[in-house]
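So the structure is just underneath, and the comments pick up after that.
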Amino acid sequence: MQSHLKNNCQVIVSFLLSRPYYKRPLMKEILEVKHIFKSYPTKSEPFKALDDISFSACEGEVLGLLGPNGSGKTTIIKSIASLLEYDKGQVLINGFDNIKDRKKVLPFLGAVLDGNRNIYWRLSVLENIHYFAGLRGIDKKRSKEKINQILKDLMLEEIKNKEVRLLSRGMKQKVSIACSLVHAPNLLLLDEPTLGLDIEISRGMEKWITKYSKEEKKCIIVTSHDMDFIETVCDRVIIIQKGKITFQGPVKEIKKKYHNHKRVRITLDRQINESFKTSLKEICDLSFETVEETSAFSFKMENLNSLPLIMDSIKNHNIKLQDIHTSEDRFEDIFMEIIKD
Amino acid sequence: MYWVAFKGELTRTFIKAKRYGFDTLSRLLMTYFVFIAIFYGLKFMTGPTLNGGKLDELIIGYILWTFAVSAYFENSYDLAEESTIGTLEQLHLAPIGFHTIVLFRMISGYLLSIIYNISVLYLTMLTTGRWLDLPIFNFLLIVTLAIPSIYGIGYIFGGLALVYKKIESSLMLIQFILILFVSLPAWPLQKTSFLPFTAGAHSINRMVVYGESFPVWWYFFILGISLFYFFLGLGIFKLFETKARRLNLLGQY
Ligand SMILES: Nc1ncnc2c1ncn2[C@@H]1O[C@H](COP(=O)(O)OP(=O)(O)OP(=O)(O)O)[C@@H](O)[C@H]1O
Ligand SMILES: [Mg+2]
C-alpha cells in the first residue's frame with residue numbers, strides 16, 4: 001500500500017518536473033550564448049567555423065558538446081571563455097557580457113583546454129594550484145582546506161608534491177582541472193577531459209563531474225568524443241556539425257526521438273548459408289550487420305515482434321540455437337545516425 | 001589581491017630557477033668565466049699597459065649586457081614559450097589581467113637577475129682580488145630606471161612569437177644588438193642617448209669608472225626614454241595579442 005502511494009507520488013512529481021514551466025524557475029540560467037559567428041580568413045573565401053550558435057545552460061547542469069573533428073566545439077568553448085574573438089553575437093555569463101564586462105565574468109569562470117598543457121610542468125601539483133590560486137588573489141594559507149578538498153575529490157593527494165612533468169597524462173589532466181577549481185567557478189568549461197584517460201580515471205572523472213554539478217550546483221560544459229562518457233555525465237547534449245547546431249536536447253530524448261533499434265545476435269550450431277539467410281529476409285525486413293564466417297550473425301530490428309518467426313524458421317531448418325543476445329542501440333550508434341544525414 | 005598574485009609570481013620564478021638548477025648554474029658559471037676571461041685575458045693580450053679604466057669599463061659593460069639580455073629573454077622567450085603551451089590561456093583567464101601578471105613576472109625576474117649578477121660580480125672580484133669601486137645603490141637605481149626599455153623590446157618579440165610562433169633565431173639576433181645599446185655613448189646628450197637602455201648603461205659606466213655624477217634631470221631623462229620604449233613595446237604587443245585572439249592563436253601549437 002505504502003509503496004504504491006510512493007510510486008504514485010513519484011509519478012506526479014516527475015510529471016510536474018517534466019513540464020517546462022515548472023522546470024525553468026528551479027534552475028538559474030548561468031550561460032547564454034546568442035547568435036555567435038566566427039570565421040577564419042583563408043586564401044579563398046573565409047572559413048566559417050561557427051555559424052549562428054545559440055544555446056544556454058543552467059546551474060547544476062552538465063551540457064555536452066558533441067560533433068566530429070573540426071566541427072567547432074573548441075571554438076565555442078574558447079568563445080565563451082573569451083580566449084578568441086568572435087565576429088558577431090554575444091555571450092552572457094551570470095548576466096554579464098563576456099567581452100565588455102570581462103573582469104566581472106572571469107571570477108565565475110574556469111576553463112580547461114587541452115588539459116595536460118594548461119599547467120607548469122616544472123612545478124609540483126601543489127605549487128601549480130597555489131600559483132593559479134594566487135593569480136586569483138586567493139591566499140594559499142587561507143584556502144588550505146578547500147585545496148585539500150579538491151585534491152581529495154580528484155584523488156591527487158598522494159602525488160601532490162610531485163613535479164607535474166613526471167606525471168601521466170591523466171594525472172596532468174586532473175591537475176589542470178584542480179587548478180581551475182580553486183576559485184569555485186559557477187561555470188566550468190572542460191574541453192575533452194577524457195582524452196587519453198584509462199577507464200578507471202575516466203570513471204572517476206564521470207563521478208566527479210556529476211558530484212560537482214549536482215552537489216555544488218555548478219554548470220559544466222564538456223566536449224568529448226567518448227559517447228559513453230557523454231551519456232553518463234550529461235543532462236543535455238548539443239550536436240554541432242560544421243559550425244552549426246544540428247540537434248539539442250536531453251540524452252533520453254535523443255534516444256527516444258531517433259527510434260531505438262534492437263540489436264540481436266544469434267549463434268547457431270552450424271554455419272548459415274545463403275538460402276537460410278534469404279529465408280530469414282523473407283520473414284521481415286532485417287538489416288544484417290554482420291554475417292560472419294562462423295555460425296553467429298547479428299542484425300538490427302525496430303522491435304522484437306518478428307523474433308518468434310525467426311525462431312520458427314531456425315527450427316524448421318533443423319538448426320539448433322546456441323545463444324541469443326539482444327541489446328539496445330548505444331548512444332554512439334544514435335549519434336552516428338544523427339550526423340550521417 | 002595584487003599582493004597575493006605578486007607573491008605567487010615571485011615564488012614561481014624562484015622555484016623555476018631552482019628546478020632548472022643545472023641551467024641556472026651554467027648561466028652563473030658562464031657569466032663568471034666571462035668575467036675571469038676579461039680580467040686575465042685582456043691583461044694577457046694587451047700586456048701590463050692596459051689602463052685600469054678600460055678594464056673596468058668592460059666589466060661594467062658586460063654586466064649591464066647580462067642584465068639586458070636576461071630582461072629581454074625573460075619577457076620575449078617566456079611569452080613565446082607559453083604561447084605554444086596552454087598556460088598563456090590560463091593567464092588570460094585571471095581577473096587581475098594578463099598584463100599585470102606579465103608585469104609581476106618582469107619584476108620577479110629582475111629581482112632574480114640582480115641576485116645572480118651581483119653575486120657573480122662579487123665572486124669575480126673576490127677571485128681576482130681586483131675591487132671595483134661600485135656605488136651599489138646608484139648602480140641599481142640607474143639599471144632599474146633603464147631596464148623597462150629592454151622589456152619593451154622583449155614585448156615586441158613576445159608579440160611576434162604569439163602570432164608567428166617559431167622566432168627563436170631572431171630572438172638570438174637581438175642579443176647582439178643589445179651589445180651595441182650597452183656600449184654606445186650617451187652622455188652628454190646626443191643622438192644615441194635616445195636608444196633603448198643606452199643612456200642608462202653609459203651613465204653607469206661613467207659613474208663607476210670615472211666617478212662622474214649627473215644632474216637630477218638626467219635621471220628623469222633615462223626613465224622617460226625607458227618608459228617610452230616600454231609602452232611602445234607594450235602597445236605593439238597588444239596589437240599582436242588582438243590579432244592572436246582573432247585568429248585563435250593564444251594557445252595553439
Ligand atoms: N587558428 C585557426 N586558423 C584557422 N582555422 C582554424 C583555427 N583554429 C581552428 N580552425 C578551424 O576551425 C574549425 C573548428 O575547430 P575546432 O578546434 O573548434 O574543432 P573541434 O570541434 O574542437 O574539433 P576536435 O574534435 O578535433 O577537437 C576547424 O575546421 C579548424 O580547422
Ligand atoms: Mg577540439
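Find the residue count for the range B:22-40, including only residues that are open to solvent by less than 30 Å² (accessible area, probe 1.4 Å) and of a type outside the set (A, V, I, L, M, F, W, C).
Of the residues in that region, 2 qualify.
Taking the range B:208-224 as the range and being in contact with a helix residue (DSSP H, G or I) (Cβ under 6 Å, 6 or more places away or on another chain), closer than 17 Å to residue B:147 by Cα and open to solvent by less than 30 Å² (accessible area, probe 1.4 Å) as the test, only B:222 passes. Residue count for the range A:83-96, restricted to those that are of a type in the set (S, T, N, Q) and in contact with a helix residue (DSSP H, G or I) (Cβ under 6 Å, 6 or more places away or on another chain): 1. Residue B:107 meets all of the listed conditions (1) open to solvent by 20 Å² or more (accessible area, probe 1.4 Å); (2) at pLDDT below 90 but one, namely (2).
Quick check on residue A:108: is it open to solvent by 10 Å² or more (accessible area, probe 1.4 Å), within 28 Å of the chain's Cα centre (by Cα) and within 11 Å of chain B (Cβ to nearest Cβ)? I'd like the intermediate steps shown before the answer.
Numbers: open to solvent by 10 Å² or more (accessible area, probe 1.4 Å): yes; within 28 Å of the chain's Cα centre (by Cα): yes; within 11 Å of chain B (Cβ to nearest Cβ): yes.
Criteria met by residue A:108.
Give the residues of the range A:36-49 that are buried (at least 16 other Cβ atoms within 10 Å of the Cβ) and more than 11 Å from every other protein chain (Cβ to nearest Cβ), sorted by residue number. Selection gives A:36, A:37, A:48.
So that you can scan it fast, the table gives a plain yes or no per residue for (1) within 13 Å of chain B (Cβ to nearest Cβ); (2) within 27 Å of the chain's Cα centre (by Cα); (3) not hydrophobic (A, V, I, L, M, F, W, C):
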site	(1), (2), (3)
A:142	yes, no, yes
A:158	no, no, yes
A:183	yes, yes, yes
A:191	yes, yes, yes
A:197	no, yes, no
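Inside the range A:71-92, residues that are more than 9 Å from ligand 1 (Cβ to nearest atom), away from chain B (no Cβ under 12 Å) and of a type outside the set (Lys, Arg) make up a count of 4. Within the span defined as the range B:244-251, one or more residues are closer than 30 Å to residue A:112 by Cα, within 16 Å of ligand 1 (Cβ to nearest atom) and in contact with a His (Cβ under 8 Å, 6 or more places away or on another chain). None of B:192, B:242, B:198 is open to solvent by less than 50 Å² (accessible area, probe 1.4 Å) and farther than 16 Å from residue B:143 by Cβ except B:192. Applying the criterion of being within 16 Å of ligand 2 (Cβ to nearest atom) and within 15 Å of the chain's Cα centre (by Cα) to the residues of the range A:43-68, the residue that is farthest from residue A:209 (Cα to Cα) is A:68. When the range A:69-96 is filtered for residues that are assigned to a loop (DSSP other than H, G, I, E, B) and near ligand 2 (Cβ under 9 Å from one of its atoms), the ones remaining, listed by number, are A:69, A:70, A:71, A:72.
Among the residues of the range A:312-322, is any modelled with pLDDT under 75 and either open to solvent by 50 Å² or more (accessible area, probe 1.4 Å) or part of a strand (DSSP E or B) (or both)? Steps first, please.
So in the range A:312-322, the residues modelled with pLDDT under 75 come out as none.
No: the range A:312-322 contains no residue that is modelled with pLDDT under 75 and either open to solvent by 50 Å² or more (accessible area, probe 1.4 Å) or part of a strand (DSSP E or B) (or both).
Filtering the range A:91-117 to residues that are farther than 22 Å from residue A:213 by Cα and either small (Gly, Ala, Ser) or not assigned by TED's automatic domain parsing to the domain that holds residue A:80 (or both) leaves nothing. Of all residue pairs spaced 6 or more apart or on separate chains, those with beta-carbon atoms under 9 Å, a first member in the range A:184-200 that is of a type in the set (Val, Ile, Thr) and a second member that is assigned to a strand (DSSP E or B) and within 16 Å of ligand 2 (Cβ to nearest atom) are A:194/A:222. Among the residues of the range A:53-70, just one is within 13 Å of ligand 1 (Cβ to nearest atom) and either facing chain B (nearest Cβ under 9 Å) or farther than 18 Å from residue A:194 by Cα (or both), namely A:53.
On the stretch given as the range B:55-101, residues that are out of contact with any Asp or Glu (no Cβ under 8 Å at 6 or more places or on another chain), within 12 Å of chain A (Cβ to nearest Cβ) and of a type in the set (A, V, I, L, M) total 4.
Annotation note: Cβ proximity below 6 Å between a residue of the range A:141-168 that is buried (at least 19 other Cβ atoms within 10 Å of the Cβ) and a residue that is among the aromatic types (Phe, Trp, Tyr) (sequence gap 6+ or interchain) occurs for A:164/A:121.
The values are calculated or read from the model by the stated rules, or taken from the named source; none is laboratory data. Here the structure is a predicted model, which is why all the values come from computation and not from measurement. No Cβ is skipped: glycine too gets one built from the backbone with ideal geometry, and neighbour counts run over all protein chains shown. For the accessible areas, the whole protein counts, side chains as well, though only heavy atoms, and no ligand, DNA or RNA atoms are used. Shrake-Rupley method; radii C 1.70, N 1.55, O 1.52, S 1.80 Å.
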